[in-house]
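In what follows, a single structure is set out as structure tokens and then discussed.
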Amino acid sequence: MGDVVSIELLLDDETQGSVRADWEHLARAGHSSLAAHTAPSNRPHITVLVRQSLPLVDFASASALLPVRVMLGAPIVFEHGDRGVLARTVVLDEALLAVYNAVRAAVPPGEDAPHTDPDSWTPHVTLARRLRLASLDDARALLGPERVGWAVGLRRWDSRTRTVTTFG
């Protein structure tokens, strides 16, 4: 998809810390992990919307619904050949769906990335990209337990300009 703009839900400090701990466990064991990406903009999040372009939008209605409780569930893998993206599922409930719908209502019509399209959105928190599927069992064993946390804010990430705008 090239350069994109994404709208992401940010996690509270405790939940963010537990995801970063999973990143570190994977990295220390020699697996692919988002711990290797040390840019300040790299933080655990739930992607709500991805498009190739998106004008600046007011997300006050969506931000007003925060915080919302989120359940970080079992690991999931999005396979790509002999590798995959390892993530934690995020249980979709009414409160999270309300935030998703408020974000979508705030943006003009456009072409969404398949994983954020209304018919196929799979909320998740990414732990590793390009993880070798042969090491999947070992990687899963390194992860902490399922946990309840909070989504507390929204941000806009523009990969072309490498800028972050936070809301709420």
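The values are calculated or read from the model by the stated rules, or taken from the named source; none is laboratory data. Computed from a predicted model, the values in this text were never measured in an experiment. What goes into the accessible areas is simple: the full protein's heavy atoms, side chains included, and nothing from ligands, DNA or RNA. Shrake-Rupley method; radii C 1.70, N 1.55, O 1.52, S 1.80 Å.
Key figures for this structure:
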quantity: Per-residue HN-Hα couplings for segment 117-131 [Karplus 6.51, -1.76, 1.60; θ = phi - 60°; Hz; x = Gly/Pro]; calculated: 4, x, 7, 9, 4, 10, x, 7, 10, 6, 10, 8, 10, 6, 6
quantity: Rounded tilt (10° steps) of 13-28 against the dominant C-alpha axis of the chain; calculated: 40 degrees
quantity: Solvent-accessible surface ranking, highest first, for Asp93, Asp12 at 1.4 angstrom; calculated: Asp93, Asp12
quantity: Principal-axis tilt of helix 94-106 within the chain, Cα atoms, nearest 10 degrees; calculated: 50 degrees
quantity: Under-5 Å amide H pairs with Gly153, H placed in peptide plane, nonlocal only; calculated: Leu10
quantity: Ratio of Rg to Rh over the chain (Cα coordinates, Kirkwood Rh, two decimals); calculated: 0.95
